[in-house]
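Engineer: Below you'll find the structure I mean.
The values are calculated or read from the model by the stated rules, or taken from the named source; none is laboratory data. Quantities reported herein were computed from a predicted structural model and do not represent experimental measurements. We place every Cβ from the backbone using ideal geometry, glycine too, and count neighbours over all the protein chains shown. To get the accessible areas, we keep the full protein, side chains included, count just its heavy atoms, and leave off ligands, DNA and RNA. Shrake-Rupley method; radii C 1.70, N 1.55, O 1.52, S 1.80 Å.
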Amino acid sequence: MEIKKILACVDSSEYSTAVMRFSSYFARKLGSELVGLHVIDVIQLEGPMMYDISGAIGLEPFIDFSAKVKAALEAKGKNILESFKTIAGEFGVNFSYRMPVGVVANEILSASEDFDVVFIGRKGVNEQYERGILGSNIESVLRKIEKPLFVSPKHFYTFDKVVVCVDGREISKKAFEYATFIANLFGVEIRAVFVKKSHDQPQFEYDIDIVESESVVAGLETYISQFEKPLVVMGAYAKPKLLEILLGSTTEALLKRDLEYGFLLVR
């Protein structure tokens, strides 16, 4: 398994500082190229344009207002990416960056096609306005991205254990492969966990810890929480696409538990 190119998505939130450090930490261990991505949100540009229109209805017009906003957002974005460059330098990582203009989730998805793994914060710069535990951009990216996705907590930490959630299906086997690769790379312990809801239990080719619980999410949360700061690896989705949309997933439900751990979600 090789991870040669890492994409790290950042904004001005507290989560993004952790993204910078986690992605730099992994890039150093992997010997990977690290690219920072900061998207100038087109919605922030189009909103102020309404002030220009106000002149047409007798209110004070704002000449070239949207252009000035764009310039300000570009300056802010460059400062964020320069901070990222400094952190990557501290880790001795080969770093470059991109700053496109567009819809944030769409730009992340488009850029991700050229990378082996993507890092993103669990919430973004509008954290205080989000209605749920996950940010709106991460929810959009999570459902559509085809590459492994690292979801960062608010604070960076180094982990001494990799916990992989398995259920016997193909996606969890792939997650176990990633977890084994990372555990070997970082020289840490790996623990596999399966939540048993009935008498049925799949056969595993490796040692697992079995947790009995009527709720898979509750069982996983209880198990993971016994460790101080693990890295959690799991399959992004294991249901048919229609059920993903209608019912969500164990992955998404666990992320919404507001656990302060890093999650690597494998496709």
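Engineer: Taking into account only those residues within the stretch 5-40 that are assigned to a loop (DSSP other than H, G, I, E, B) and of a type outside the set (S, T, Y), which is nearest to N184 (Cα to Cα)? I'd like the intermediate steps shown before the answer.
Structural biologist: Taking the stretch 5-40 and keeping what is assigned to a loop (DSSP other than H, G, I, E, B), we get 10-13, 31-32, 38-39.
Pick out the ones that are also of a type outside the set (S, T, Y) and you get 10-11, 31, 38-39.
Working: V10: 28, D11: 31, G31: 15, H38: 31, V39: 34 Å.
Of everything passing the filter in the stretch 5-40, G31 is nearest to N184 (Cα to Cα).
Engineer: Working only within the stretch 150-201, note down all residues that are over 22 Å from the mean Cα position of the chain (by Cα) and closer than 23 Å to C9 by Cβ.
Structural biologist: Listed by number, the list is empty, since nothing qualifies.
Engineer: Which residue pairs have Cβ atoms closer than 6 Å, lie 6 or more positions apart in sequence or on different chains, and pair a first residue in the stretch 168-189 that is touching a residue at least 12 places away in the same chain (Cβ under 8 Å) and over 16 Å from T250 (Cα atoms) with a second residue that is open to solvent by less than 60 Å² (accessible area, probe 1.4 Å) and part of a loop (DSSP other than H, G, I, E, B)?
Structural biologist: So the pair list comes out as F176/V166.
Engineer: Tally up the residues in the stretch 103-115 that are surrounded by 15 or more Cβ atoms within 10 Å (Cβ to Cβ) and outside any helix (DSSP H, G or I), please.
Structural biologist: Total meeting the criteria: 2.
Engineer: Of these, K173, K196, which one is under 14 Å from G219 (Cβ atoms) and modelled with pLDDT under 95? Lay out the reasoning, then the answer.
Structural biologist: On the way: K173 fails: under 14 Å from G219 (Cβ atoms).
Criteria check complete, one pass: K196.
Engineer: Just checking, how many residues over the stretch 187-234 are open to solvent by 50 Å² or more (accessible area, probe 1.4 Å) and β-branched (V, I, T)?
Structural biologist: Going through the stretch 187-234 one residue at a time, the tally reaches 3.
Engineer: Additional query: Residues to consider are P148, P153; find the one that is at pLDDT 90 or above, crowded, with 17+ Cβ neighbours inside 10 Å and touching an Asp or Glu at 6+ places or on another chain (Cβ under 6 Å). Explain how you work it out, then say what you get.
Structural biologist: Numbers: P148 fails: touching an Asp or Glu at 6+ places or on another chain (Cβ under 6 Å).
From the options P148, P153, the qualifying one is P153.
Engineer: Among the listed residues V93, V10, V118, V101, which satisfies the condition of being among the aliphatic types (A, V, I, L, M) and modelled with pLDDT under 95?
Structural biologist: Values: V93 fails: modelled with pLDDT under 95; V10 fails: modelled with pLDDT under 95; V118 fails: modelled with pLDDT under 95.
Answer to the check: V101.
Engineer: Among the residues of the stretch 63-81, how many are under 22 Å from the mean Cα position of the chain (by Cα), of a type outside the set (K, R) and open to solvent by 80 Å² or more (accessible area, probe 1.4 Å)?
Structural biologist: 1
Engineer: Sticking with this structure for a sec: What is the one condition in (1) at pLDDT 80 or above; (2) more than 25 Å from V118 (Cα to Cα); (3) in contact with a Gly (Cβ under 9 Å, 6 or more places away or on another chain) that P230 does not satisfy?
Structural biologist: (2)
Engineer: Okay, next question. Looking only at the stretch 73-85, which residues are out of contact with any helix residue (DSSP H, G or I) (no Cβ under 9 Å at 6 or more places or on another chain) and closer than 23 Å to G31 by Cβ? Show your work before the answer.
Structural biologist: In the first step, residues of the stretch 73-85 are kept if they are out of contact with any helix residue (DSSP H, G or I) (no Cβ under 9 Å at 6 or more places or on another chain); the result is 74-79, 81-82, 85.
Selection gives L81, K85.
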